[in-house]
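To keep things clear, I will list the structure first and then write my remarks on it.
Read-outs: derived from the displayed coordinates by stated rules, not from any lab. Being a predicted model, the structure only gives us computed values, none of them experimental. Every residue, glycine among them, receives a Cβ derived from its backbone with ideal geometry; neighbour counts consider all protein chains shown.
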Amino acid sequence: MHVLVIGGTQFFGWDLVEQLLDRGDHVTVFSRGRRRPPFWDRVEHVPGDRSDPRAVAAALRGRRFDAVVDNIAFQPQDVTSVLDALGPGAGHYLLTSSGAVYPDFAPPDVFRPVPEEAADLSLRGDGGYAEGKRACEQVLREQQTVPFTVIRPPIVQGPRDPTLRGWFWYQRIRDGGPVIVPCRYPAPIWRQAYSRDVASAVVLAAGNPAAFGKTYNVAGAEIVALEEFVRLAADACGVPDPVVVIPEDDLRREAPWYRPPFLHRFVLDISRATAELGFRPTPLDQWLRDTVRWHLEAELPPAPGYDRRAEERALASRRGDLRPSAG
């Protein structure tokens, strides 16, 4: 296949290009050219700024591809500019959307895996990230030019993660001190996605007629609580269990500046991707070790709030609650 990748020079876009090349595909990367991964001499590069519709048109008009993978569409015009430039030459349009398009669920729905049909694609006019992704999906559903597929991952982790969300936990684990995990209801339990798994799901769907007009949740197989995640990450770092559980209300009073990530309950149903695409997620212990290793070996800035790490340690020592919370 000849595949155009928009957003192919970092994170799971990087992984995607490598997997397509390994499969034997011809890959064209549309980017500004600021990053040049090791595969650069194996791909065709089309320079351009995807946020500029005129630049997209000038770079892509008249080209033909078997598939277009768009990893960095955040506003509807991002999609329309590509469709306008390529028309049927887009072949098969694959959009990397987000679990953010789902509404915030309350009990009892929050305790059930979330199927693709549960998304709320209505627009609220707030202009936020989720709004933009919903609008991008709507553009694809309303157009009649090319078949499309939507991939919806939740939080994605892995090597070269530009968000560094997991670094909040990994840096604290690495220093050997206690790590505070808020206790809340409903308990933070989720499936996250491994960056290389997101890429592999796209490869499985690209050009696959079974995926035309479909949306797929893509995430890991394991459902893990935040406390257990921190313990698994500690094991990957080779340090003893550091978890100190403190009720969230107490944390708000005693340490309002302590704002860790992953405090949500969000479990995607991935049965459609496994059944229709043959998607097989990487085991959590394997991808977490790879992810932690990259963070520990990279030269990264301090994680958010790490300048108050001494206060965290003091609070953990005062509370000293090492018992796991009720799930």
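Once you compute Rg and the Kirkwood Rh from C-alpha atoms, what is the Rg to Rh ratio for segment 37-127? List each step's numbers first, then the result.
Details: Rg = 17.2 Å, Rh = 15.8 Å.
Rg divided by Rh gives 1.09.
Report the full-extension gain for the segment Leu263 to Arg318: residue separation times 0.36 nm, less the Cα-Cα distance, to one decimal in nm.
In short, 17.5 nm is gained.
Grab the Cα-Cα distance for Tyr129 and Arg293, subtract it from 0.36 nm times how many residues apart they are, and report the gain in nm with one decimal.
The Tyr129-Arg293 span can extend by a further 56.1 nm.
Give me a comma-separated list of calculated 3J(HN,Hα) values for segment 100-117, in order, Karplus coefficients 6.51, -1.76, 1.60 applied at θ = phi - 60°, integers in Hz, x for any Gly or Pro.
Going residue by residue, I get 5, 6, 7, x, 7, 8, 10, x, x, 4, 5, 8, 10, x, 8, x, 4, 5 Hz, with x marking Gly and Pro.
Can you tell me the FRET efficiency between Gln138 and Leu300 if r is taken as the Cβ-Cβ distance and R0 is 30 Å, rounded to the nearest 0.05?
Efficiency at R0 = 30 Å is approximately 0.25.
To the nearest 0.05, how large is the calculated FRET efficiency for Arg32 and Arg253 if R₀ is 41 Å and r is the Cβ-Cβ distance?
Using R0 = 41 Å, I get an efficiency of 0.30.
Which residues' amide hydrogens lie under 5 Å from the amide hydrogen of Leu94, considering only partners 5 or more residues apart or on another chain, with H built in the peptide plane?
Val68, Val69, Asp70, Thr149
For the pair Glu222 and Thr163, how long in nm is the line joining their label points, each one 7 Å along Cα→Cβ?
Going from the Glu222 label point to the Thr163 one covers 1.9 nm.
Expected output is a single nm value to one decimal: the length gained when fully extending between Arg42 and Asp285, i.e. 0.36 nm times separation in residues minus the C-alpha distance. What is it?
84.3 nm
Determine, for each peptide in 39-45, 258-264, 144-150, 125-131, the mean count of other beta carbons within 10 angstrom over its residues, then list the peptides with the highest first.
144-150, 258-264, 39-45, 125-131
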